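The values are calculated or read from the model by the stated rules, or taken from the named source; none is laboratory data. Please read all numbers here as calculations on a predicted model, not as lab measurements. Glycine also receives a Cβ, built like all others from the backbone with ideal geometry; neighbour counts cover every protein chain displayed.
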Amino acid sequence: MGKTDSKTYRNLSMARQIAGQLIMIRMPGTVLDDDTAKFLRDNHIRAVCLFRQNMVNAEQLSKLTADLRAVMGPKALIGIDQEGGAVVRATWLPSPPAAMALGAADDLALAQAVGAAVARGIKSLGFNWNFAPVLDLNNNPANPVIGERSFGSDPKRATELALAWMEGSLAEGVACCVKHFPGHGDTHVDSHRDLPTVDKPRYALDALELAPFKAARRAPAMMSAHIVYPALDAEHPATLSRKILTDLLRTEWGYRGVIITDGMDMHAIAGRYGVGNAAVQALAAGADMVMALGNRTTQEETLTALSTALASAFDDDELAAAGIETRLDRLDGLAAKYPCAPGPYLTHAADRSLMLDGWRCGLTTAGNPQPLADGAKVRLLACADAAGDGVAEAGLSAAAIAALLARRYDVDLVTFDDAENVDWDALPDDGRIVILASTTRLRYGPKASRNLRPDLHLALWNPFQTLDIDAPALISYGFAPEALEAVADWLAGRITASGKLPVAILEPALT
């Protein structure tokens, strides 16, 4: 599409075509059906983010991304959240260590190699944009959504590791998108569910939350957070804040990459502002692309709102032709520098070995846990079916942990739906070694923290759960197949756990 002017925007049809280029959508199903293809073509949509619901296997996914490219053209942006740890979408690829596992390993070369391996895997499937790495500093043990997705709490080292990961990806030709600017680490509210606030003075934000993002100005893209930072803008969350996206990020820091919002269907935004109105505000604030990840109804609402705003842009300097052209140029530049270029995945076996080594290097102990002898009689206590949390999509079942332990031990499995309701005194007193496997991100409540007294705690997701259970612990930072292999190796005494917890544990264990 050629250059435009404000008069062009007065044509609603043309304005809608321009609006379509400024949004990213999600789609249903595992094939590109005729209706979705028509929606993409009619609205000139060039960006799609795919999730696990869109994926079956490599063959199916490769065809889906090829079909999307055929419809969206050479400027297509096909995105995925392949962070590592619990947040992965293409689960058959080698499983990357969680960011915090890499933080525990504290090896820049390893972080860069993992970033490159992730890029090789998703590039082979037709993706050119990965919404990773996470630059949030998880310095709040009560954070319900970041946790092990963060490289740590130290701004200097976490930034170095994250940027090494990013450099690995960029070298393999896959664009990264660092997130969640200006920082989601010190929240106790999940923005998928409500609007958090980080109420710190500017100097404190500069020293901690903002530091990684300021250092990441080479990142091709940056994702905004749906969080209010009163010291930066007391009225608007970052996604809707011109003070944050334009005055701070663009003007003060000189950032020239793409700014994309987090999903506008999240309750922090949709529930308070409405998706259409919020999309207009986000572009006016300085965003280049809006993540319209809701259903078709919300996508239509977003397109209509943006089209209407663009059609009257001559009355609004923030959405005038020059600014929109600059946004389109940035997005075109991203697609040109990082084109969709799928091909055979020739390093699958080597990359899987790399990932396993990464999980092993990240293993961390607390309280001096000990490996178990072959044939040991153990009682495994675990949540029956740990569902996903909306970000990770799927958890880990108790049966899977039992199967892992049953390779070498005599296992008695005891499951629960809610750890608060476990009757510890009802467990048989028969000398078995009691292992608690934590397979959800949620912290334990006060009753569980008082009552659960295992001999060994396997913290297989959220390392901050070690604050809740007074027991020797092995921390894996994740439950991917390679992570579980690393855990099994440690239990068997074949490897040591040399990782160092990369976050400050300030709370006492609850007893």
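Only one entry of ALA473, ALA459, ALA504, ALA492 meets the criterion of being loosely packed, with under 14 Cβ neighbours inside 10 Å, over 12 Å from LEU380 (Cβ atoms) and small (Gly, Ala, Ser), and that entry is ALA504.
Quick grid of which residues meet (1) out of contact with any Asp or Glu (no Cβ under 6 Å at 6 or more places or on another chain); (2) buried (at least 16 other Cβ atoms within 10 Å of the Cβ):
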site	(1), (2)
LEU240	yes, yes
ILE259	no, yes
ARG296	yes, no
GLN299	yes, yes
LEU303	yes, yes
ALA320	yes, yes
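Do you know which residues across the range 51-63 are touching a residue at least 40 places away in the same chain (Cβ under 8 Å) and buried (at least 21 other Cβ atoms within 10 Å of the Cβ)? The answer is LEU61, and nothing else.
Among the listed residues LEU77, LEU161, LEU110, identify the single one that is touching a Leu at 6+ places or on another chain (Cβ under 8 Å), in contact (Cβ under 8 Å) with a residue 40 or more places away in the chain and surrounded by fewer than 23 Cβ atoms within 10 Å (Cβ to Cβ).
On the way: LEU77 fails: surrounded by fewer than 23 Cβ atoms within 10 Å (Cβ to Cβ); LEU161 fails: surrounded by fewer than 23 Cβ atoms within 10 Å (Cβ to Cβ).
Every option except LEU110 fails the conditions.
Which of the residues belonging to the range 446-503 are among the hydroxyl-bearing types (Ser, Thr, Tyr) and farther than 23 Å from VAL145 by Cβ?
Kept after step one, since they are among the hydroxyl-bearing types (Ser, Thr, Tyr), are these residues of the range 446-503: 449, 466, 476-477, 496, 498.
Correct list: THR496, SER498.
The combined condition, being over 28 Å from ARG46 (Cα atoms), surrounded by 24 or more Cβ atoms within 10 Å (Cβ to Cβ) and modelled with pLDDT of 95 or more, is not fulfilled by ALA119.
LEU442 passes every criterion in (1) without any contact (Cβ under 8 Å) to a residue 60 or more places away in the chain; (2) surrounded by fewer than 21 Cβ atoms within 10 Å (Cβ to Cβ) apart from (1). Show the residue pairs that are 6+ apart or on different chains and have beta-carbon atoms under 6 Å apart, the first residue being within the range 243-265 and closer than 17 Å to LEU77 by Cβ and in contact (Cβ under 8 Å) with a residue 12 or more places away in the chain, the second being among the hydroxyl-bearing types (Ser, Thr, Tyr) and part of a helix (DSSP H, G or I). Between residues of the range 243-265 that are closer than 17 Å to LEU77 by Cβ and in contact (Cβ under 8 Å) with a residue 12 or more places away in the chain and residues that are among the hydroxyl-bearing types (Ser, Thr, Tyr) and part of a helix (DSSP H, G or I), the close pairs are THR261/THR239.
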